[in-house]
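Everything below concerns the one structure shown next.
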Amino acid sequence: SETIAKIAAGEVVTRPASVVTELIENSLDAGATRIDVTVDGNGTERIRVADDGEGMSEDDAALAVDRHTTSKLDGPDGVDAVDTLGFRGEALPSMASVATLDVTTNDGGPRGTRVRVENGQKRVDPAGRAVGTTVEVRDLFHNRPARRKSLAATRTEFGRISDVVTRYALANPHTRFSLTHDGRETFKTTGTGYTDAVLGAYGRDVAGQSTEFDHRTTVEFDEREHALEIEGLLVYPSITRAQHTHVHTAVNGRALRDEVIRKATVRGYGNLLSNNRFPIAVVAVSLSPALVDANVHPAKARVTFRTESAVADAVETAVNDALTTADL
Ligand code: ADP
Ligand code: MG
C-alpha cells in the first residue's frame, strides 16, 4: 500500500545520496560495466543513473516500481544466501513514493520501455534505448517538506553523493564510473583496475605509490573450508599527505564501511604507520554468501561476518604480506 511504501521510503531513501547508492547497486546487480551518474543541484532536482547492464523487459520494468517485487530472491534460502546487492524490492517503489520516477530500459528486444511514476500514477510507454537502464529521479521529497528542509546545502549533499560514487568506483574497479554535477564532469574512472580507480579518487601521486594485491585463502566455518579472496590496493603511507585513515572496504562487491576489515588493514600496515602516517587503501573481501549476514540494517550499509576473527586475520596477513613484498 501507499502507507507501507512511505514507511519503507523513510528507511531506504533518506537523502539524495541514498538514492544514488540504491541505483548504483541496481546497476551493479544488472552486470553493468559502465555507470554514469548525473546530478543537478543538491540532488532533489534530478538524479540520473544510466547503465549498460542487462536491462528489463516491458513486463519486468512495469513490475519493478511496485512494492516488494524483486528478481533477486530465489528459493527459501533467498535472503540468507543473497549474493546480489539488493534483494528486498523496496528501492524503486520507495523513490516513486517521494519523487517522480522514470525508468527507461531495454533488455535487448526490438524496442525499449519507459515506466513513469508521477504522483503515484504509473504509465508504461515504448521508448528508444540501447540495452541497459536509465533511472531518473526528479523532485525528490516534493511531498516531504520536513525531509527537504532537513537536507544540507548543495555542497554538502553533493559531497555525500560524490563520496558514494567514489566508494563504489573503488570497490568495483572493473566498472567505468562517471559523475557529472550541474553539467560538469567531476569524477571518472576507466574501469581498468584499482590503480586507475585510486587515480580518479586521489590523483596521480598517490596512485603511483601503491601496490595492487590479491590474496586467496580459505576459512573454516561449520566444519567446512570456505574460499576467501582479499584484493585491492595499498598506498605506501610515507608519501601520502593523508590526514586520517582512508581504508575503503567492500564485501562481495558492495562498498560499505566495515570496521573488521578496516582495523585488520590498519594492523596489517603495522609500524609503517608510525610518525603520524595514515594509510590509503582499498580492501575488497569476497567470500561465500553463507559466511555473511547482509540483512542487519535497513539501509544495508553493514554486514556481519559469521566468522569474524578468521576474516580479520586473513585481511591482516594479506595486507602485511603485500606491503612486505611490494616494490615501492
Ligand atoms: P531490489 O534491488 O531489492 O530487487 P529495487 O526496487 O532496487 O529492488 O529494484 C526492483 C527490481 O527492478 C530489481 O529486482 C531488478 O529486477 C529491477 N531493476 C532495478 N534496477 C535495475 C537496473 N538498473 N537494471 C536492471 N534491472 C533493474
Ligand atoms: Mg535494489
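The values are calculated or read from the model by the stated rules, or taken from the named source; none is laboratory data. Note that this is a predicted model, so its numbers are computed, not measured. For neighbour counting, all protein chains shown are included, and Cβ atoms are generated from backbone atoms with ideal geometry for every residue, glycine included.
Summary table
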quantity: Test: V137 is modelled with pLDDT under 95 and at negative phi; calculated: no
quantity: The stretch 218-228 - residue that is surrounded by fewer than 16 Cβ atoms within 10 Å (Cβ to Cβ) and either more than 26 Å from the chain's Cα centre (by Cα) or touching a residue at least 24 places away in the same chain (Cβ under 8 Å) (or both) and, of those, nearest to V164 (Cα to Cα); calculated: A227
quantity: Residues of the stretch 181-210 satisfying the condition of being among the polar types (S, T, N, Q) and part of a loop (DSSP other than H, G, I, E, B); calculated: T189, T190, T192, Q209
quantity: Contacts under 6 angstrom Cβ, first residue in the stretch 89-102 being of a type in the set (S, T, N, Q), partner within 10 Å of ligand 2 (Cβ to nearest atom) and part of a helix (DSSP H, G or I), 6 or more apart; calculated: S94/V12
quantity: Tabulated pairs, the stretch 25-45, first not assigned by TED's automatic domain parsing to the domain that holds R254, second hydroxyl-bearing (S, T, Y) and near ligand 1 (Cβ under 9 Å from one of its atoms), C-beta under 6 angstrom, 6+ apart or interchain; calculated: D29/T84; I35/S27
quantity: Residue selected from the stretch 38-51 under the condition hydrophobic (A, V, I, L, M, F, W, C) and away from ligand 1 (no atom under 12 Å from the Cβ), by the criterion surrounded by the fewest Cβ atoms within 10 Å (Cβ to Cβ); calculated: I47
quantity: Residue among D205, D182 that alone is in contact (Cβ under 8 Å) with a residue 60 or more places away in the chain and either exposed (fewer than 14 other Cβ atoms within 10 Å of the Cβ) or outside the structural domain of V49 (by TED's automatic domain parsing) (or both); calculated: D182
